[in-house]
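The values are calculated or read from the model by the stated rules, or taken from the named source; none is laboratory data. Because the structure is predicted, anything quoted here is derived from the model rather than measured. Using ideal geometry, Cβ is built from the backbone for each residue, glycine included, and neighbour counts are taken over all protein chains shown. Each accessible area value is taken on the protein alone, full model and side chains, heavy atoms only, with ligands, DNA and RNA left out. Shrake-Rupley method; radii C 1.70, N 1.55, O 1.52, S 1.80 Å.
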Amino acid sequence: MNEEPARPEPAAPEATAPGATAPAPVRFDTKIAVLLREDLETWQRLNVTAFLVSGLGTTVPEVVGEPYADADDVSYLPMFRQPVLVFEGTKETLAAAHGRALSRALPRALFTTDLFATGNDRDNRAAVRAARTADLDLAGLAVYGPRNAVDKVMKGARMHP
């Protein structure tokens, strides 16, 4: 089973009232995971990761937290409410993970190698549509769901260095 890396605990308030306890660390019962093919170039890994996670917030709104604001009250867009774990694996690991994600009906996004040659959303969708599920040449996969289900999907993958 893949172990989630340690996350820093939220900072304790600067002043805690006498007798009050610091808030417990936040633990999520769900997981967001990205699996990248190990033979991708660095720029491809970053690009694929960004594309993959972009779909989750629109279809699984509970993964998105509240908007941010700084001390000067300048507002910023909301982000995911939990970490995104990034894994890597072989082409075969990716294909197996894809099959497990499908069998568990988890929300998922994919990025095929064909998408490196396209330049727009319409052509991206057409490239994916042209391939049968078993023939998809996957470069990356993102999944969201219960922690244990996502762990099972990521079986055989290793944390991205």
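Couple of notes before you dig in:
- Counting only residues that are open to solvent by less than 100 Å² (accessible area, probe 1.4 Å) and within 12 Å of the chain's Cα centre (by Cα), the stretch 43-59 holds 9 of them.
- Among the residues of the stretch 137-155, the ones that are touching a Pro at 6+ places or on another chain (Cβ under 8 Å) and of a type outside the set (Gly, Ala, Ser) come to 2 in all.
- Of all the numbered requirements in (1) part of a helix (DSSP H, G or I); (2) modelled with pLDDT of 95 or more, Asp73 misses one, and that requirement is (1).
- Pairs, first without any contact (Cβ under 8 Å) to a residue 12 or more places away in the chain in the stretch 102-124, second hydrophobic (A, V, I, L, M, F, W, C) and open to solvent by less than 60 Å² (accessible area, probe 1.4 Å), C-beta under 6 Å, six or more apart: Thr118/Ala127; Asn124/Leu115
- Residue in the stretch 77-99 that is over 19 Å from the mean Cα position of the chain (by Cα) and not charged (D, E, K, R) present: no
Conditions (1) open to solvent by 20 Å² or more (accessible area, probe 1.4 Å); (2) within 23 Å of Lys31 (Cβ to Cβ); (3) among the acidic types (Asp, Glu), marked per residue:
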| residue | (1), (2), (3) |
| --- | --- |
| Pro61 | yes, yes, no |
| Val64 | yes, yes, no |
| Ala101 | no, yes, no |
| Leu106 | no, yes, no |
| Ala126 | yes, no, no |
| Thr133 | yes, no, no |
| Gly145 | no, yes, no |
| Lys152 | yes, yes, no |
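- Every condition in (1) more than 19 Å from Ala50 (Cβ to Cβ); (2) crowded, with 17+ Cβ neighbours inside 10 Å; (3) touching a Leu at 6+ places or on another chain (Cβ under 9 Å) holds for Val86 except the one numbered (1).
- Near pairs, Cβ below 7 angstrom, 6+ apart or cross-chain, from the stretch 76-90 (at pLDDT below 95) to any residue that is open to solvent by less than 50 Å² (accessible area, probe 1.4 Å) and aromatic (Phe, Trp, Tyr): Gln82/Phe28
- So Val34, is it in contact with a helix residue (DSSP H, G or I) (Cβ under 8 Å, 6 or more places away or on another chain), within 17 Å of Arg108 (Cα to Cα) and free of Cβ contacts under 8 Å to residues at least 60 places away in the same chain: no
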